[in-house]
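Coordinate-derived values only; no laboratory data. Given the structure is predicted, the values throughout are model-derived calculations rather than measurements. Ideal geometry is used to build each Cβ from the backbone, glycine not excepted, and the neighbour counts take in all protein chains shown.
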Amino acid sequence: MAVLLTGGTGYIGSHTAVCMLEAGYDVVIADDLSNSAADVADRIRQITGRDLRFYQIDVSDRAAVRALFDENDIDAVIHFAGFKAVGESVREPLKYYRNNLDTTLTLLEVMAERNVGVFIFSSSATVYGDRNPAPYTEDMETGRCSNPYGWTKEMIERILESACVADGNLSAVALRYFNPIGAHESGLIGDDPNGIPNNLMPFITQTAAGIRERLSVFGDDYPTPDGTGVRDYIHVVDLAKGHVAAYRYACDHKGFEAINLGTGVGYSVLDIVKTFERVNGVRVPYVIAARRPGDLASVYSDPSKAKALLGWETEKSLEDMCRDAWNYQKNRL
Ligand code: NAD
Ligand code: UDP
């Protein structure tokens, strides 16, 4: 028996592969390498001392996915593969709807053919839209997403819900991630965006490394304690462990569940900058800039459902996140 991780050489998928292998499960990765590198599979082997099978395929390619299922005894799918750049999704919406929806539908169809009934999906806090006050709970109304990327997550949650209604043997868990940052403590895997980073932490590490001149802090006039945006940052290894817990839960249950994966604590942009500087003994030059369109003031989770259903909660601190993110950046230099 093995668990298929689509997008498993990407940032969150690679950390989850490590945690699944360390927990004793066999792992098969399918990734088209559109946003990751082939050597990540070797790094996962190096960290864990265990082997895994890697397929370089597009998971919307039905024939390729069928062949993968023919060659492996897959009992569950953890579906990370997809495009995730918010701004690009506004410029190229069809590319996002096509890739994110097609991959999901293809996997669900092949799973149904093979009687595979466990599906874990990478959803996002973005499904809570702009009308709910933080902390977000899973019973809040979702939708009203501010960009096509967010809509793909919302639509896929609805697809999973419908599929579970129709097929009583299916178990689907949508994990709503908050803001994953940090890296594995080995420094061998981490967040490796192409080009200029959109997200805060990779921009900070590249600024500290001198690759970027300074960080632009997007807005200091939000209704938050220091005026800068507040987010629920979660260490990627804690997030990865949440997938192991969700897999175990889904194997014993049927139906659809949406579950937040966050710490429940919000930190501001300046909290992150100051902690990063203190923990790592480096400077992160910054300027205050205009708000980024579409950003919300304050986004953080109520993580109590994950604790109740999965028995999971975060263990790592903001200091751990900042130290491990910088360790990975230094390793790459
Ligand atoms: P990532 O880009 O590092 O990983 C995604 C992987 O999927 C990449 O390796 C890419 O090559 C692969 N991929 C894309 N399309 C594919 C296809 N058609 N077939 C096969 N492989 C394909 O992204 P990540 O940060 O690891 O995110 C993983 C998932 O979590 C994504 O679905 C993303 O939307 C979601 N998510 C991420 C965040 C975040 O902040 N990183 C937050 C919420 C949700
Ligand atoms: N942010 C910033 N400068 C940057 C990137 C991000 O000030 O170069 C802020 C952003 O406005 C938000 C927080 O950092 O308040 C987290 O942004 P990110 O893009 O990492 O995640 P998001 O919550 O938008 O998905």
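Here are the numbers:
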quantity: Estimated 222 nm signal from helices in the chain, with DSSP H stretches of n ≥ 4 weighted -39500 (n - 2.57), rounded to 500; calculated: -13000 deg cm²/dmol
quantity: For region 86-223: relative contact order, % (alpha-carbon pairs under 8 angstrom, 6 or more apart); calculated: 23 percent
quantity: Over 18 Å (Cα to Cα) - which of LYS95/LYS153; LYS241/LYS316; LYS241/LYS274; LYS153/LYS241; LYS241/LYS305 fall in this group; calculated: LYS241/LYS274; LYS153/LYS241
quantity: Amide H partners (placed H, <5 Å) of TYR55, local residues excluded; calculated: ILE29, ALA30, ASP31
quantity: Charge dipole (region 56-192, unit charges on Cβ, about Cα centre) - positive-most of ASN99, ALA166, SER60; calculated: ASN99
quantity: Most fluctuating residue given options VAL165, VAL269, VAL236, as computed from a GNM of the chain linking Cα atoms under 10 Å; calculated: VAL165
quantity: Region 1-73 shape via C-alpha gyration tensor axes, a/c threshold 1.5; calculated: oblate
quantity: Point-to-point label distance, ALA166-TYR286, nm (Cα→Cβ direction, 7 Å offset); calculated: 4.7 nm
quantity: Size of electric dipole in the chain: Cβ of Lys, Arg +1 and of Asp, Glu -1, about Cα centre, debye, nearest 20; calculated: 700 debye
quantity: The chain pair-distance distribution - Cα-Cα, 20 Å bins, rounded %; calculated: 32, 60, 7
quantity: Exposure proxy ranking, count of Cβ atoms within 10 Å, fewest first, for MET20, MET1; calculated: MET1, MET20
quantity: Surface/4 estimate of mean projected area, convex hull on alpha-carbon atoms of region 64-106, nm²; calculated: 3.4 nm²
quantity: Within the chain, percent of DSSP bridges classed antiparallel, to nearest 5; calculated: 5 percent
quantity: For ALA166, net neighbour charge (Lys/Arg +1, Asp/Glu -1) across residues whose Cβ lies under 14 Å away; calculated: -1
quantity: Kirkwood hydrodynamic radius (C-alpha pairs) into Stokes-Einstein, region 1-155, 37 °C and 0.692 mPa s, D in µm²/s; calculated: 201 µm²/s
quantity: Overall dimensions of region 110-175 by Cα: Rg and Dmax, Å; calculated: 13.3, 42
quantity: D_trans [Stokes-Einstein, Kirkwood Rh over alpha-carbon pairs] for region 103-227, 25 °C, 0.890 mPa s, µm² s⁻¹; calculated: 139 µm²/s
quantity: Cα long-axis angle, helix 236-251 against the chain (0 to 90 degrees, to the nearest 10); calculated: 30 degrees
quantity: Surrounding net charge for TYR300, when Lys and Arg each add one and Asp and Glu each subtract one, Cβ distance under 11 Å; calculated: -1
quantity: Among PHE83, PRO223, PRO193 the positive-end extreme of the charge dipole of the chain (Cβ point charges); calculated: PRO223
quantity: Relative contact order [Cα under 8 Å, 6+ residues apart], the chain, whole percent; calculated: 19 percent
quantity: Proximal charge balance of HIS15 [Cβ under 13 Å; K/R count +1, D/E count -1]; calculated: -3
quantity: Helix 93-114 axis, angle to the chain major axis (alpha carbon atoms, nearest 10°); calculated: 30 degrees
quantity: Dimensionless Rg ratio for region 144-212, taking C-alpha atoms and the 2.2 N^0.38 Å reference; calculated: 1.60
quantity: Fewest-first ranking of LYS254, LYS316, LYS153, using other Cβ atoms within 10 Å as the exposure measure; calculated: LYS254, LYS316, LYS153
quantity: Residues ILE196, ILE259, ILE57 arranged by fewest to most Cβ contacts within 10 Å; calculated: ILE196, ILE57, ILE259
